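Written out below as structure tokens is the structure these notes cover.
The values are calculated or read from the model by the stated rules, or taken from the named source; none is laboratory data. Keep in mind that what you see is a predicted model, and the values were worked out from it rather than measured. Here the Cβ positions follow ideal geometry from the backbone for every residue, glycine too, while neighbour counts run over all protein chains shown. These area figures cover heavy atoms from the full protein model, side chains too; ligands, DNA and RNA do not enter into them. Shrake-Rupley method; radii C 1.70, N 1.55, O 1.52, S 1.80 Å.
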There are 2 protein chains.
Amino acid sequence: MPVCLVKAISRFCLFSTLAINQEYIESMQFEVIAQDPKSKARAGKITTPHGEILTPIFMPVGTAGTVKAVHQRELENDIKAQIILGNTYHLYLRPGIELLKKAGGLHRFNGWKRPILTDSGGYQVYSLTENRQITEEGVFFKSHIDGSKHFFTPEKVMDIERAIGADIIMALDECTPYPCDYAYAKQSMEMTHRWLKRCIRRIEETEPLYGYEQTLFPIVQGSVYKDLRQASAEFVAACECDGNAIGGLSVGEPAELMYEMTELVCDLLPKDKPRYLMGVGTPANLLECIALGVDMFDCVMPTRNARNGMLFTTQGIINIRNKKWQEDFSPIDEPLGGYVSTFYSKAYLRHLIMNKEILGAQIASVHNLTFYLWLVNQAREHILAGDFYEWKKQILPIVSQRL
Amino acid sequence: MPVCLVKAISRFCLFSTLAINQEYIESMQFEVIAQDPKSKARAGKITTPHGEILTPIFMPVGTAGTVKAVHQRELENDIKAQIILGNTYHLYLRPGIELLKKAGGLHRFNGWKRPILTDSGGYQVYSLTENRQITEEGVFFKSHIDGSKHFFTPEKVMDIERAIGADIIMALDECTPYPCDYAYAKQSMEMTHRWLKRCIRRIEETEPLYGYEQTLFPIVQGSVYKDLRQASAEFVAACECDGNAIGGLSVGEPAELMYEMTELVCDLLPKDKPRYLMGVGTPANLLECIALGVDMFDCVMPTRNARNGMLFTTQGIINIRNKKWQEDFSPIDEPLGGYVSTFYSKAYLRHLIMNKEILGAQIASVHNLTFYLWLVNQAREHILAGDFYEWKKQILPIVSQRL
């Protein structure tokens, strides 16, 4: 019997009341299944304690334990999400870590049985600008809800992510703004590296709480400076974690700079580990970055923009608030298929969004996420078929156009 | 071949492009199937152009063409709604009658294929208090949205309800407040009667727009005065419409007065026509009024209160915002069954409602409506079984208690 299986069984017995449906696995596995001949795109499979993820994948953002306006069964059956995100900053503030521990982790709290990834809170804290102060030890910040004061260290964030219990957990980093001067970017990146070492140490010193392993992803920083991005990618690669992330992009820089940095970093990160580009992006961003070797994406765009009436469809981008859709009784997106996109008309959705009806947010959110998951799945199919490059060239102008 | 069928077929050909799935029927049918031996409760069946309704029934309120926070398929598959309401006042203002006409009526606009009932706008206009003026000719009012000025006459309301295209349409009435002095109640009731005659005339003079008949329900008024209620019920009964409604109750009067008026009116309204008690009520109100012979109910309570965290369950009433539910990881209402009530925990729903997450409104709304439909269906089953009275006595204190 392999050692990991023995260890697995004994831990399984220890936590038998928390047993999960999937076979117990010691840690995340990743396998590259196919490589596109004309780009760096690849199709892969990640195996986690809560099941498989076929890559490239888009991960819907479930901020405070809920993907806004979307039922868990809609995520599973309609959107066909394979993994969702939780935001450590939000979950830490509400419902709070003690409650999540009592629930037995986020999976048990919200009922989502497939994989979950948690960010580190670094991005949200960075967004607070006026209300945070970054030191070598960690980050002081004031809650955006009640102004209460908190302190996140790399160690504390690891403990919080242990308590949330996601399959993939992110290291604490500082996400630099754009533009960012070189000196600050360099010094911040170096601190992020030191924080990474502290995160790794803490994870090694602690055990998961719910009977399955959690996999730490480090984050490459370095703003838009090639030498910094190179140094950071090399540092991160040397840590030999089971997956790696690229942070600090999609913060206002031109798309070309984002692609340049992504390509540079992807080329340096190990080929046999999944690569996760954080907070990206538009359908076009996804396609371009898949071509550069990115395997995983997350972004609030499909849900946040949905609530404002922006729809991503197989025919292009629709602002449903425009008067041109007022009398368009055709389905939202017939070719996409699925309940909301074929059952409800553009005119009806426009009426709901214009009048701030909750159902409008529900329909648009499910639609946009269905489209995003369709897009990455299509990309995967074309990588497997060997014609991803040609397909991307053909579909990119279609899904990017404003209708 | 019966005359109505010939007429039906010729009209069907005329409107063939608007043909609906159901067999064309000339007008609404109602059949009393069973009568409870120890109360006036009865089980029945209403047949409309969009299908059957088993009574007693609760009708979810779909204000502006949407039951707030609930998908149409959830209404059908989870809640098992048989008929929903549309509010004429809201639909007239948004999306507007011209758009509904272009869509081919409300059914086609929102995709709900089963029966719809529209109110007359009388209640909403009455609620505007400061912003309306009632005259013999009709009601002047200012929109609650943009302050624009409008004038509803009985004739205009009938035309609007024709354009919305509900299966059952309500006459324009004045809903008197509580308390209301006798003189005002009498004079208002008499005007409501004159308006009713104008509504009936208009309906007789006009044709439905979408190839199926619409059935007008008159409304009994008379505040809490027995002689007025009696006069109004007799007037309404004499109009020989295919169904009748009781309005002006559940506006602040004690429950006992509401029951007294309901019983008095039910006894005077024809037995072979469905009786609809408007805007009622709590689970207890429904059970008591079913016992008095009411067949149809509508109320915003299950959806509006859901959004504020009040849950009606098989075990009693829950205010999910109470701290006592914070760590209750049991399902919302296991015995009720259904997805939302068994999948999501009380603690998770509390977290969502406390943090104003849209999913909280979604879960609570589907749950409460599922409970309301379950309650009236249970009532029906017990009427059919002949033990409604005993069952009501047993279940009433349970569903009314605060947990």
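Report yes if some residue within region A:363-386 is in contact with a His (Cβ under 9 Å, 6 or more places away or on another chain) and either closer than 27 Å to residue A:62 by Cα or assigned by TED's automatic domain parsing to the domain that holds residue A:35 (or both); otherwise report no.
yes
Out of the residues in region B:53-67 that are within 14 Å of chain A (Cβ to nearest Cβ) and β-branched (Val, Ile, Thr), which is nearest to the chain's Cα centre (by Cα)?
B:61
For region A:172-180, does any single residue satisfy the condition of being of a type in the set (Asp, Glu) and buried (at least 16 other Cβ atoms within 10 Å of the Cβ)?
Scanning region A:172-180, I find at least one residue that is of a type in the set (Asp, Glu) and buried (at least 16 other Cβ atoms within 10 Å of the Cβ), so the answer is yes.
Just the residues that are surrounded by fewer than 24 Cβ atoms within 10 Å (Cβ to Cβ) and over 30 Å from residue A:239 (Cβ atoms), please, taken from region A:284-302.
Result: A:284, single match.
Could you count how many residues in region B:348-367 are over 10 Å from residue A:66 (Cβ atoms) and either at pLDDT below 95 or among the polar types (S, T, N, Q) (or both)?
1
Could you tell me how many of the residues in region B:77-95 are outside any loop (DSSP other than H, G, I, E, B) and touching a residue at least 12 places away in the same chain (Cβ under 8 Å)? Full working, then the answer.
The initial filter retains those residues of region B:77-95 that are outside any loop (DSSP other than H, G, I, E, B), namely B:77-79, B:84-86, B:88-93.
This time we only want the ones that are touching a residue at least 12 places away in the same chain (Cβ under 8 Å), so: B:78-79, B:84-86, B:88-93.
Looking only at that region, the number is 11.
Exactly one condition in (1) within 14 Å of chain B (Cβ to nearest Cβ); (2) open to solvent by 50 Å² or more (accessible area, probe 1.4 Å); (3) in contact (Cβ under 8 Å) with a residue 24 or more places away in the chain is not met by residue A:374; state its number.
(1)
Give me the pairs, please: first residue somewhere in region A:224-242 and in a helix (DSSP H, G or I), second residue anywhere and of a type in the set (Gly, Ala, Ser) and buried (at least 18 other Cβ atoms within 10 Å of the Cβ), beta-carbon distance under 6 Å, and either six or more positions apart or on two chains.
A:228/A:185; A:228/A:222; A:229/A:222; A:232/A:222
Could you identify the single residue in A:207, A:213 that is surrounded by fewer than 17 Cβ atoms within 10 Å (Cβ to Cβ) and part of a loop (DSSP other than H, G, I, E, B)?
A:207
I'm trying to understand the selection: among the residues of region A:362-392, which are in contact with an Asp or Glu (Cβ under 6 Å, 6 or more places away or on another chain), among the aliphatic types (A, V, I, L, M) and over 14 Å from residue A:301 (Cα atoms)?
If the condition is that a residue be in contact with an Asp or Glu (Cβ under 6 Å, 6 or more places away or on another chain), among the aliphatic types (A, V, I, L, M) and over 14 Å from residue A:301 (Cα atoms), then A:383 is the only one that fits.
Out of A:350, A:307, which single residue is open to solvent by 10 Å² or more (accessible area, probe 1.4 Å), under 20 Å from residue A:281 (Cβ atoms), within 12 Å of another protein chain (Cβ to nearest Cβ) and in contact (Cβ under 8 Å) with a residue 40 or more places away in the chain?
One residue alone meets the criteria, A:307.
Condition first: open to solvent by 70 Å² or more (accessible area, probe 1.4 Å) and of a type in the set (Phe, Trp, Tyr). Now tell me which residues in region B:183-203 satisfy that.
Listed by number, the list holds a single entry, B:184.
Name every residue in region A:251-263 that is surrounded by 19 or more Cβ atoms within 10 Å (Cβ to Cβ) and of a type in the set (A, V, I, L, M, F, W, C), in order of residue number.
Within region A:251-263, A:251, A:258, A:261 meet the criteria.
Which residues, taken from region B:331-347, are buried (at least 21 other Cβ atoms within 10 Å of the Cβ), in a loop (DSSP other than H, G, I, E, B) and not acidic (Asp, Glu)?
Correct list: B:332, B:344.
Is it the case that region B:111-122 has a residue that's open to solvent by less than 10 Å² (accessible area, probe 1.4 Å), among the aromatic types (Phe, Trp, Tyr) and in contact (Cβ under 8 Å) with a residue 40 or more places away in the chain?
Yes; the residues of region B:111-122 include at least one that is open to solvent by less than 10 Å² (accessible area, probe 1.4 Å), among the aromatic types (Phe, Trp, Tyr) and in contact (Cβ under 8 Å) with a residue 40 or more places away in the chain.
Do we find that residue B:327 is surrounded by fewer than 23 Cβ atoms within 10 Å (Cβ to Cβ), within 11 Å of chain A (Cβ to nearest Cβ) and free of Cβ contacts under 8 Å to residues at least 60 places away in the same chain in this structure?
yes
Restricting attention to region A:127-136, does a residue exist that is in contact with a His (Cβ under 9 Å, 6 or more places away or on another chain) and closer than 20 Å to residue A:232 by Cβ?
no
Select from region B:289-299 the residues that are in contact with a Gly (Cβ under 9 Å, 6 or more places away or on another chain) and touching a residue at least 60 places away in the same chain (Cβ under 8 Å) and list them in ascending order. Full working, then the answer.
Our first condition is that a residue be in contact with a Gly (Cβ under 9 Å, 6 or more places away or on another chain); within region B:289-299, this holds for B:289, B:295-299.
Correct list: B:295, B:296, B:297, B:298, B:299.
Tell me, yes or no, whether region B:228-238 has at least one residue that is touching a His at 6+ places or on another chain (Cβ under 7 Å), open to solvent by 30 Å² or more (accessible area, probe 1.4 Å) and farther than 18 Å from residue B:167 by Cα.
Yes, region B:228-238 contains at least one residue that is touching a His at 6+ places or on another chain (Cβ under 7 Å), open to solvent by 30 Å² or more (accessible area, probe 1.4 Å) and farther than 18 Å from residue B:167 by Cα.
Does region A:139-153 contain any residue that is within 24 Å of residue A:83 (Cα to Cα) and either touching a residue at least 24 places away in the same chain (Cβ under 8 Å) or touching a Pro at 6+ places or on another chain (Cβ under 7 Å) (or both)?
Looking through region A:139-153, none of the residues is within 24 Å of residue A:83 (Cα to Cα) and either touching a residue at least 24 places away in the same chain (Cβ under 8 Å) or touching a Pro at 6+ places or on another chain (Cβ under 7 Å) (or both).
Test residue A:392 against the criterion of being surrounded by 21 or more Cβ atoms within 10 Å (Cβ to Cβ), among the basic types (Lys, Arg) and closer than 30 Å to residue A:272 by Cβ, and give yes or no.
yes
Of all the residues that make up region A:9-64, how many are at pLDDT 95 or above and not in a strand (DSSP E or B)?
Residues that pass the stated criteria total 12.
Restricting to helices (runs of 4 or more DSSP H) lying wholly in region A:252-310: which have 1 or more residues that are under 27 Å from residue A:361 (Cβ atoms)?
In region A:252-310, A:283-291, A:301-307 are the helices (runs of 4 or more DSSP H) which contain 1 or more residues that are under 27 Å from residue A:361 (Cβ atoms).
So, in region B:77-91, exactly how many residues are farther than 17 Å from residue B:365 by Cα, open to solvent by 10 Å² or more (accessible area, probe 1.4 Å) and more than 13 Å from chain A (Cβ to nearest Cβ)?
Residues flagged as farther than 17 Å from residue B:365 by Cα, open to solvent by 10 Å² or more (accessible area, probe 1.4 Å) and more than 13 Å from chain A (Cβ to nearest Cβ) within region B:77-91 amount to 0.
Determine whether residue A:357 is open to solvent by 10 Å² or more (accessible area, probe 1.4 Å), more than 10 Å from chain B (Cβ to nearest Cβ) and free of Cβ contacts under 8 Å to residues at least 12 places away in the same chain.
No.
Going by what's in this entry, would residue B:172 be described as in contact with a Pro (Cβ under 6 Å, 6 or more places away or on another chain) and not small (Gly, Ala, Ser)?
yes
With B:130, B:98, B:74 as the choices, which residue is open to solvent by less than 60 Å² (accessible area, probe 1.4 Å) and outside any loop (DSSP other than H, G, I, E, B)? Lay out the reasoning, then the answer.
Values: B:130 fails: open to solvent by less than 60 Å² (accessible area, probe 1.4 Å); B:98 fails: open to solvent by less than 60 Å² (accessible area, probe 1.4 Å).
Sole residue among the options that is open to solvent by less than 60 Å² (accessible area, probe 1.4 Å) and outside any loop (DSSP other than H, G, I, E, B): B:74.
Do the conditions hold for residue A:41, that is, is it away from chain B (no Cβ under 14 Å), surrounded by 19 or more Cβ atoms within 10 Å (Cβ to Cβ) and out of contact with any Ser or Thr (no Cβ under 9 Å at 6 or more places or on another chain)?
So residue A:41 fits the description; yes.
Residue B:317: open to solvent by less than 40 Å² (accessible area, probe 1.4 Å) and either more than 14 Å from chain A (Cβ to nearest Cβ) or not in a helix (DSSP H, G or I) (or both), yes or no?
The answer is yes for residue B:317.
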